[in-house]
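Below you'll find the structure, written out as structure tokens, and then a few comments.
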Amino acid sequence: AMDAGVPAVMACTAGNPVVTVTVLLERLAGDGADLRYRGDFDWPGIAIANRVVTGFGATPWRMSTLDYEAALAGAGRELLELPGLVGAPVEAAWDPGLRAAMAGAGRAVHEELLLGTLLADLR
């Protein structure tokens, strides 16, 4: 994001937020910051998103059923082989149709695949 000249402030959790990140999110939320969260479209990613959305009041960013389906379509156009979903399905607290869409497709979409779109949102 810095290399692309994005002016937004970002905190990257690199998976499950550690204590330092959760303290930061608690303070930001307590100060009224507009928190947005983006993670992977896989079962662990949805579980982490649920914790951040419900625990800190973050708004999911490009994490809807439509976003997942668009990512699948984009990967198909680019002939990318997406990894299969592993583990038990997880309900998305913010989008009741996302679990069914992901389970039906059976494919994970990691956020690195969407980097261009995400950076464009931040400019």
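Selection within segment 31-46: residues that are surrounded by fewer than 17 Cβ atoms within 10 Å (Cβ to Cβ) and hydrophobic (A, V, I, L, M, F, W, C). The member of this set that is farthest from Val109 (Cα to Cα) is Ala33.
Of all residues in segment 1-30, those that are loosely packed, with under 12 Cβ neighbours inside 10 Å have Cβ atoms under 8 Å from Cβ atoms of residues that are assigned to a loop (DSSP other than H, G, I, E, B) and small (Gly, Ala, Ser), 6 or more apart or on another chain, in Ala8/Ala1; Met10/Ala1. Considering segment 50-74, and only residues there that are free of Cβ contacts under 8 Å to residues at least 60 places away in the same chain and touching a Lys or Arg at 6+ places or on another chain (Cβ under 8 Å), the residue that is surrounded by the fewest Cβ atoms within 10 Å (Cβ to Cβ) turns out to be Thr59.
The set of residues in segment 3-30 that are more than 19 Å from the chain's Cα centre (by Cα) and over 17 Å from Thr59 (Cα atoms) comprises Asp3, Ala4, Gly5, Pro7, Val19, Thr20, Val23.
Among the numbered conditions (1) over 27 Å from Gly5 (Cβ atoms); (2) of a type in the set (A, V, I, L, M, F, W, C); (3) surrounded by 12 or more Cβ atoms within 10 Å (Cβ to Cβ), the only one that Leu114 does not meet is (1).
None of the figures in this text is laboratory data; all of them are computed from the coordinates on show. This is a predicted model, so every value here is computed, not measured. Positions of Cβ are generated from backbone atoms using ideal geometry, with glycine treated the same way; all protein chains shown enter the neighbour counts.
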